[in-house]
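The values are calculated or read from the model by the stated rules, or taken from the named source; none is laboratory data. Quick caveat, the model's predicted, so the values are computed rather than measured. All Cβ positions, glycine included, derive from the backbone under ideal geometry; neighbour counts span all protein chains shown. Just so you know, the surface numbers come from the protein's heavy atoms only, side chains and all, with ligands and any DNA or RNA stripped out. Shrake-Rupley method; radii C 1.70, N 1.55, O 1.52, S 1.80 Å.
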Amino acid sequence: MILIVDDDIAVRTSLLLLLQNHKYEAIGAESAGKALKIINQQTPELVILDLNFSIDTSGKEGMALLKKIRENHTMPVLLITGWGSIALAVEGMKLGANDFINKPWNNDHLLQSVKTLLSLQNQQPAPQNRKQLDKQYNFKQLIGEDARMIAILETIGRVAATDASVLITGESGTGKELIAEAIHENSKRANKPFVKVNLGGISASLFESEMFGHIRGAFTDARFDRAGRFELANKGTIFLDEIGDLESGSQVKLLRVLQDRTYEVLGSSRTKTVDVRVVCATNKNLNELVAKGLFREDLLYRINLIHIHLPPLRERNGDIPLLVNFFIGNMQEIYGRPGLSVAPAAMKWLQKLQLPGNIRQLKNLIERTVLVSGNEVLNIEDFQSQLELSPVQKDKNQLPGVGTMTLEEMEEGMVRQAMSFHKNRISKAAAALGITRNALYRRLEKYQIPFNEAED
């Protein structure tokens, strides 16, 4: 049963008819007192809650009722609010609401939200091991048996069949796009389009044209009509990558289509409706960006009904052999080298690497080594020679915390590490550190680092 709480009889009647026409049992309440009485007696599966029950538009009444509901009940709460009180909806999300819909609402969008929240509420516990998961879902491209990865796969399995918006976070190279694809492939939209958009690569001036399309003559170079990404993704899934890079003006435009599932093609005044599942990804901390005023809080709540955080590869290095064997298996077929394998010592060596570029860096290292080395059994030396060439994005977050190490201690550590990695080859160690041979000699003497110089 769904409970609708709104003092406006027209709103209650409209929602009751809509839900009942779609086979949902629903009941209305015009006040907080009556709503609490129904909740305590019948425990509805879902509450649709207006924020204002009187002429007062502060939202205090709705917030107070939401707090009382959350004291004893866990059923999902869907807020309905006008655009002018979006800030109230965000506050409601902080107090435990699950989603919010704008007035006037789109019937299809509201029904989709209701269906999604009920589906999430009624999900049964998923299987607890990888074999059971693989029998039930299509996870063939997701490699890993680490406990955190199993938990992530369970979450994907539970939410894929719903239309819940998903936010995927994690460092670069952790496989966020593969997770998004798995969500789509295991959903009811699997046979519909999966459209990938790198928001970091779209300038603010082109955002509307790229996302919503344009008609001929909309601007100087618009010689033909063009469908936008949302139109291409209709009935399917749109994957918005690097959403943390989106400029503030574009965030407002994106929020509009995510709120109402409506948009206008650039150069046209006709409103179009879109039915799409939204999956977003970023390697940035959106909560920090919100605190700095760089990312809209209401947009954050709109995109992360479900949040999946991918751990870096260094925190699940037990999965490295599985990943290496998966990549080697692919390359045996691609490059016609069925005898390719990795020596046990090399596999252990690979597991100890930090790999700040995560799975992407590991894959590139394996493939480059296979292409360059003539050996069928790849050893440490084969990988080591290619690791030096590996392009790694410098991540400021990898630096030690302020106060934990002095500059001299850090420099000494880097010198020792470079000398050990390059086996006392002065020229290579100096090049890796970005200094001259003489500068390296001075530092070796300064820090009293013993060495027997190998031939360069």
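Please verify whether LYS188 is part of a loop (DSSP other than H, G, I, E, B), within 30 Å of PHE326 (Cα to Cα) and modelled with pLDDT of 95 or more, treating the condition exactly as stated.
So LYS188 fails the test.
Collect the residues in the stretch 203-241 that are without any contact (Cβ under 8 Å) to a residue 24 or more places away in the chain and of a type in the set (A, V, I, L, M, F, W, C), keeping them in residue-number order.
LEU206, PHE224, ALA227
Go over the candidates GLY329, GLY339 one by one and state the one that is small (Gly, Ala, Ser) and within 32 Å of the chain's Cα centre (by Cα).
Unique residue meeting the criteria: GLY329.
Which of (1) farther than 18 Å from LEU66 by Cβ; (2) open to solvent by less than 30 Å² (accessible area, probe 1.4 Å) is the odd one out, the single condition ALA10 does not satisfy?
For ALA10, the failing item is (2).
Among THR174, THR155, which is open to solvent by less than 60 Å² (accessible area, probe 1.4 Å), hydroxyl-bearing (Ser, Thr, Tyr), modelled with pLDDT of 90 or more and in a helix (DSSP H, G or I)?
None of the others qualify; the one that does is THR155.
Might you let me know whether the stretch 333-340 holds any residue that is in contact with an Asp or Glu (Cβ under 8 Å, 6 or more places away or on another chain), of a type in the set (Lys, Arg) and more than 30 Å from THR162 (Cβ to Cβ)?
yes
Quick one: which residue in ASP221, ASP245, ASP241 is within 17 Å of ARG277 (Cβ to Cβ) and charged (D, E, K, R)?
Testing whether each residue is within 17 Å of ARG277 (Cβ to Cβ) and charged (D, E, K, R) leaves just ASP241.
Please go through the stretch 251-284 and pick out each residue that is of a type outside the set (Val, Ile, Thr) and out of contact with any helix residue (DSSP H, G or I) (no Cβ under 8 Å at 6 or more places or on another chain).
Selection gives ARG256, GLY267, SER268, SER269, ARG270.
Which condition number in (1) under 34 Å from the mean Cα position of the chain (by Cα); (2) open to solvent by less than 20 Å² (accessible area, probe 1.4 Å); (3) at pLDDT 90 or above is the one that ALA35 fails?
(1)
Consider GLY28 against the criteria (1) open to solvent by 40 Å² or more (accessible area, probe 1.4 Å); (2) farther than 20 Å from GLN121 by Cβ; (3) at pLDDT 90 or above: it satisfies all of them except one. Which criterion is unmet?
(1)
VAL47 versus (1) farther than 27 Å from VAL274 by Cα; (2) in a strand (DSSP E or B); (3) in contact with a Pro (Cβ under 9 Å, 6 or more places away or on another chain): which is the lone unmet condition?
(1)
Could you give me the residue pairs with C-beta distances under 7 Å whose first residue belongs to the stretch 278-295 and is more than 25 Å from ALA161 (Cα to Cα), whose second residue is aromatic (Phe, Trp, Tyr) and at pLDDT 90 or above wherever it lies, and which are 6+ apart or on separate chains?
Every condition considered, the pairs that remain are LEU286/PHE295; LEU289/PHE295.
Scan (1) more than 26 Å from SER113 (Cβ to Cβ); (2) open to solvent by 40 Å² or more (accessible area, probe 1.4 Å); (3) not in a loop (DSSP other than H, G, I, E, B); (4) not aromatic (Phe, Trp, Tyr) for the single condition ASP221 breaks and write down its number.
(3)
Is it the case that ALA233 is at pLDDT 90 or above and open to solvent by less than 70 Å² (accessible area, probe 1.4 Å)?
So ALA233 fits the description; yes.
For the stretch 1-36, which positions are in a helix (DSSP H, G or I), over 14 Å from TRP105 (Cα atoms) and either touching a residue at least 60 places away in the same chain (Cβ under 8 Å) or touching a helix residue (DSSP H, G or I) at 6+ places or on another chain (Cβ under 8 Å) (or both)?
Passing the criteria: ALA32, ALA35, LEU36.
Could you grab me the full set of residues in the stretch 123-152 that are under 30 Å from LEU19 (Cα atoms) and either free of Cβ contacts under 8 Å to residues at least 24 places away in the same chain or open to solvent by less than 50 Å² (accessible area, probe 1.4 Å) (or both)?
GLN124, PRO125, ALA126
Of the residues GLU297, GLU288, GLU333, which single one is out of contact with any Phe, Trp or Tyr (no Cβ under 7 Å at 6 or more places or on another chain), over 30 Å from ASN102 (Cα atoms) and either modelled with pLDDT under 90 or charged (D, E, K, R) (or both)?
From the options GLU297, GLU288, GLU333, the qualifying one is GLU333.
Just to be sure before I move on: is GLY244 crowded, with 19+ Cβ neighbours inside 10 Å, part of a helix (DSSP H, G or I) and in contact (Cβ under 8 Å) with a residue 40 or more places away in the chain in the structure I sent?
yes
If you scan the stretch 204-218, which residues turn out to be open to solvent by 70 Å² or more (accessible area, probe 1.4 Å) and in a loop (DSSP other than H, G, I, E, B)?
If the condition is that a residue be open to solvent by 70 Å² or more (accessible area, probe 1.4 Å) and in a loop (DSSP other than H, G, I, E, B), then ARG216 is the only one that fits.
Would you mention how many residues in the stretch 177-203 are among the aliphatic types (A, V, I, L, M), surrounded by fewer than 21 Cβ atoms within 10 Å (Cβ to Cβ) and within 11 Å of the chain's Cα centre (by Cα)?
Qualifying residue count for the region: 1.
Please specify each residue of the stretch 319-371 satisfying the condition of being open to solvent by 30 Å² or more (accessible area, probe 1.4 Å), under 17 Å from GLU145 (Cα atoms) and of a type in the set (Phe, Trp, Tyr).
Selection gives PHE326 alone.
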